[in-house]
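Down below is the structure, laid out as structure tokens.
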Amino acid sequence: MQTSVTFRHMDPSDALRGYAEQKSERLLKYLVEPVEVHWTLSVEKIRHIAEATIAAKDFSIKAQESTKEMYSSIDEVIDKLERQVRRHKEKVKSHKSSETEKYPYAASEAQKKTLRVVETENLFIKPMSIEEATMQMAIHGRDFMVFTDSGTNSVNVLYRRDDGDLGLIEARVK
């Protein structure tokens, strides 16, 4: 965890810096590395203001509190941040569990073997007839061809089957 402390309108204090860093460690049990915590401690008349921003892997949160003493301001900011981080973690956890409840077998299959995209290819879909798509597929030596049917204006996929014949997938909008 990277922690930085900025002091405004007050003298820098190693004790306050250490206290803020120590309190920030409480949040590590809820967060996934890398985590950056930036503290801004300032004084305005009799108000001691503590403000913290956390930038984690997939989100960022911010909290601010002002009291008559800087240490209590830091404590209250940490409490606010902890509530926000806990709420975020529970929200993420609840979304993940709802997916596995909908598809219980898919989750177990995904745990056994995870598929990942290793190559991405951009295709330009051209309007053409099925015969022209067959010729283009033969010219380019591909096993499939994605095109827009010039007659129906729908997206089609022409593919070579295992037996050597061609198959056609016509996409239709409901």
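What follows draws every value from the coordinates through simple rules; no lab data is involved. Just so it is clear, the model here is predicted, and its values are computed rather than measured. Positions of Cβ are backbone-derived with ideal geometry, glycine not excepted, and every protein chain shown enters the neighbour counts.
For the peptides 86-93, 33-40, what is the packing order when you average, over each peptide's residues, the other Cβ atoms within 10 Å and list the highest mean first? Intermediate values should be presented prior to the final figure.
Working: 86-93: 12.2, 33-40: 15.9.
So the order, starting with the most tightly packed, is 33-40, 86-93.
Could you pull out every residue, at least 5 positions away or on a different chain, whose amide H is within less than 5 Å of the one on K126? Hs are placed 1.01 Å off N in the peptide plane, and Pro or chain starts have none.
Amide H to amide H, under 5 Å and 5 or more residues apart or across chains, K126 pairs with T148.
Can you tell me what share of the DSSP beta bridges in the chain is antiparallel? A percent to the nearest 5 is fine. Let's see the in-between values first.
Details: 27 of 36 bridges.
Just about 75 percent of them are antiparallel.
Compute the signed sum of charges (Lys and Arg +1, Asp and Glu -1) over the other residues within less than 15 Å, Cβ to Cβ, of P127.
That works out to -3.
Out of all Cα-Cα pairs in the range 2-102, roughly what percent, to the nearest whole number, are more than 22 Å apart? Working shown, then result.
Working: 1657 of 5050 pairs.
Result for the distance tail: 33 percent.
Which whole-number percent of Cα pairs in the chain have a distance greater than 30 Å?
Taking all Cα-Cα pairs of the chain, the fraction more than 30 Å apart is 54 percent.
Find the relative contact order for the chain and round it to a whole percent, using C-alpha pairs within less than 8 Å whose residues are 6+ positions apart.
Values: 222 pairs, mean separation 20.5, N = 174.
Relative contact order comes out at 12 percent.
Would you tally the net charge around D149, using a Cβ to Cβ cut-off of less than 13 Å, leaving D149 out, and scoring K and R as +1, D and E as -1?
After counting each charged neighbour, the total is -1.
Estimate the FRET efficiency between E170 and R26 by the formula 1/(1 + (r/R0)^6), using the beta-carbon distance for r and 41 Å for R0, to the nearest 0.05.
0.10
Between the helical axis of 70-102 and the dominant principal axis of the chain, each derived from Cα atoms, what acute angle in degrees is found, rounded to the nearest 10?
20 degrees
Give a residue-ordered list of calculated ³J(HN,Hα) values for the range 152-162 (Karplus: 6.51 cos²θ - 1.76 cosθ + 1.60, θ = phi - 60°; whole Hz; x for Gly, Pro).
Once rounded to whole Hz, the list reads 9, 6, 9, 7, 10, 10, 9, 9, 8, 7, 5.
Could you work out which residue, out of T53, T120, T152, moves most in a Gaussian network model of the chain, that is, has the largest mean-square fluctuation with Cα springs under 10 Å?
Taking springs between Cα atoms under 10 Å, the residue moving most is T152.
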